[in-house]
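What follows is one structure encoded as structure tokens, with my remarks underneath.
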Amino acid sequence: MFTRYDITHTTRYRYSAPVTFGEHRVMFRPRDSHDLRVLATDLEVSPEAAVRLIQDPHSNSVALVQPLEPATELKIVCKFRIEHAQSHNLELPLSPSAEIFPFAYGVEERFDLEHYLRPHYDDPQGELTRWARQFLRTDGPTHTRELLVHMNQHIRDNFDYSTRDEEGTQTPLQTLALGGGTCRDFALLMMEAARRLGIATRFVSGYLYDPALDTAAAAEAPALAAEGSPATAAEAQPTVGAGSTHAWLQAYLPGAGWLPFDPTNNLLGGNQLIRVGVARDPGQAAPVTGSWYGDPEAYLGMDVVVDVRRVLPRR
């Protein structure tokens, strides 16, 4: 069963005096697949801009936006309607050869997964590797998916979540030392830990649907449940990271393919995670990047608002 959502992603840059803008790279369009369909999209830019759409090396949809005149504000509003299928990665069986850790990827898979298998961050003292290996069982065989599920839950239960407006991502060692971070920090920590165990992972950027913020859906919840809506107990649990862009990871397990893990909320799929872009590193999946030219003191700040609403069935 597919659930429909309307999503509005607004980014606004403010300046005290008119500035000139360079090209901006906007990654906003949800990534189509068997479990997610894009029904309609719209991109509004103020001031007027030239826009062209491309696909990056990871086949993500990217809009290249070139504002045509100076202004004191750059506003980019992305709107789209999607259909999202409820899917949970525990439902997908693994290949028998991958059920028990450690396992080996096939030759062809290793060739294609090379950039997702190789760690990208230093671990000179082996601290990250030791942290990752705590999830291996000592009293019997370690089931591969169970290892990742426990790591996912451990981060949610033992690390402090916080928001951070500055660009960039903490290194995994910084996140371990601080015992906290943002959703992108947690995703990168788990990615790099899994890579050091020989499991291919990639970064995912997108949106998080939080039923608690959807007042219309909340009012209709009893009726929807009675009609067999995909609203579930998991959706009713508190989530963090909604209202802005969100980040999680996917791990590639033979037989099941790319499986989602959200260590910020301990989610394993479902229809709350709406992916936009995938990459081998967080720096490749920033929602908006670009440049401007003018007095450095003119910059006043940036505001980002993401609104995700379920489209209720007509009664």
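For the range 218-235, the count of residues that are over 23 Å from Arg25 (Cβ atoms), at pLDDT 80 or above and part of a loop (DSSP other than H, G, I, E, B) is zero.
Taking into account only those residues within the range 44-81 that are in contact with a Gly (Cβ under 9 Å, 6 or more places away or on another chain) and in a strand (DSSP E or B), which is surrounded by the fewest Cβ atoms within 10 Å (Cβ to Cβ)? Here the answer is Gln66.
Would you confirm, using the coordinates I've provided, whether Thr239 is free of Cβ contacts under 8 Å to residues at least 40 places away in the same chain and either touching a Gly at 6+ places or on another chain (Cβ under 8 Å) or on the phi < 0 side of the Ramachandran plot (or both)? Judged against the criteria, Thr239 is a match.
Looking at Ala193, Ala187, Ala177, which is the one that is in a helix (DSSP H, G or I), surrounded by fewer than 17 Cβ atoms within 10 Å (Cβ to Cβ) and either at pLDDT 95 or above or in contact with a Leu (Cβ under 7 Å, 6 or more places away or on another chain) (or both)? Just a single option satisfies the conditions, and that option is Ala177.
The single residue among Phe101, Phe135, Phe186 that is of a type in the set (A, V, I, L, M, F, W, C), touching a residue at least 40 places away in the same chain (Cβ under 8 Å) and over 30 Å from Tyr5 (Cβ atoms) turns out to be Phe101. Among what's in the range 22-43 and is crowded, with 21+ Cβ neighbours inside 10 Å and assigned to a loop (DSSP other than H, G, I, E, B), pick the residue that is modelled with the highest pLDDT. Only one residue tops the list, namely Met27. The listed residues are Tyr293, Tyr252, Tyr209, and the only one of them that is under 29 Å from Pro67 (Cβ atoms) and either modelled with pLDDT of 95 or more or not hydrophobic (A, V, I, L, M, F, W, C) (or both) turns out to be Tyr293.
Every residue, every condition in (1) more than 21 Å from Val308 (Cβ to Cβ); (2) polar (S, T, N, Q), yes or no:
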site	(1), (2)
Gly22	yes, no
Val26	no, no
Pro30	no, no
Thr72	yes, yes
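The values are calculated or read from the model by the stated rules, or taken from the named source; none is laboratory data. Not measured: the values here are computed from a predicted model. Because the Cβ atoms are built from the backbone with ideal geometry, glycine has one as well, and the counts that use them run over all protein chains shown.
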